[in-house]
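The values are calculated or read from the model by the stated rules, or taken from the named source; none is laboratory data. No experiment lies behind these values; they were computed from the predicted model shown. For neighbour counting, all protein chains shown are included, and Cβ atoms are generated from backbone atoms with ideal geometry for every residue, glycine included. Remember, those area values only see protein heavy atoms, side chains included, never the ligands or the DNA or RNA. Shrake-Rupley method; radii C 1.70, N 1.55, O 1.52, S 1.80 Å.
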Amino acid sequence: MMRGVWHCSQLLHWLAHIAFGVCVVAAVAVSVGAWRLSQGPVDVSWLSERARVALLDEASPVQVRFDHAWLAWGGWTKRLDHLIELQVLQVVVQGGGGQALAEAPRAW
């Protein structure tokens with residue numbers, strides 16, 4: 001009985017170490033990310049392509065296209081739910097015939 005309790009306590013001890021390590025790694029990653037965003041916009045070209053694919057719906061008569069995207073720090077002057085912004089360049093909303101319904105040089 002005591003041997004089982006000892007093994008269980010050892011397992012919980014190691015699980016606590018692993019959980020603490022994961023928390024430390026996550027805290028460092030968030031800190032590095034926040035520091036990088038504070039230095040200026042972060043290019044997210046890999047996310048741009050995924051967003052383009054998500055926005056393309058061949059069945060829809062309206063299409064949304066954009067050229068480039070990046071993440072930027074919104075600053076502390078805005079509301080807390082807008083601290084990190086996804087900004088895009090050359091946003092074009094096209095109708096079914098290909099005519100431009102709306103254009104914006106920059107959007108976020």
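From the list VAL28, VAL44, the lone residue that is on the phi < 0 side of the Ramachandran plot and in contact with a strand residue (DSSP E or B) (Cβ under 9 Å, 6 or more places away or on another chain) is VAL44. The conditions of being touching a Gly at 6+ places or on another chain (Cβ under 6 Å) and either acidic (Asp, Glu) or more than 19 Å from ALA107 (Cβ to Cβ) (or both) are not met by GLU49. Here is a check on your reading of the model: is ARG50 part of a strand (DSSP E or B) and open to solvent by 80 Å² or more (accessible area, probe 1.4 Å)? Against the criterion (part of a strand (DSSP E or B) and open to solvent by 80 Å² or more (accessible area, probe 1.4 Å)), ARG50 does not qualify. Of the residues in segment 55-78, how many are modelled with pLDDT of 80 or more, outside any loop (DSSP other than H, G, I, E, B) and out of contact with any Pro (no Cβ under 9 Å at 6 or more places or on another chain)? So the answer is 5.
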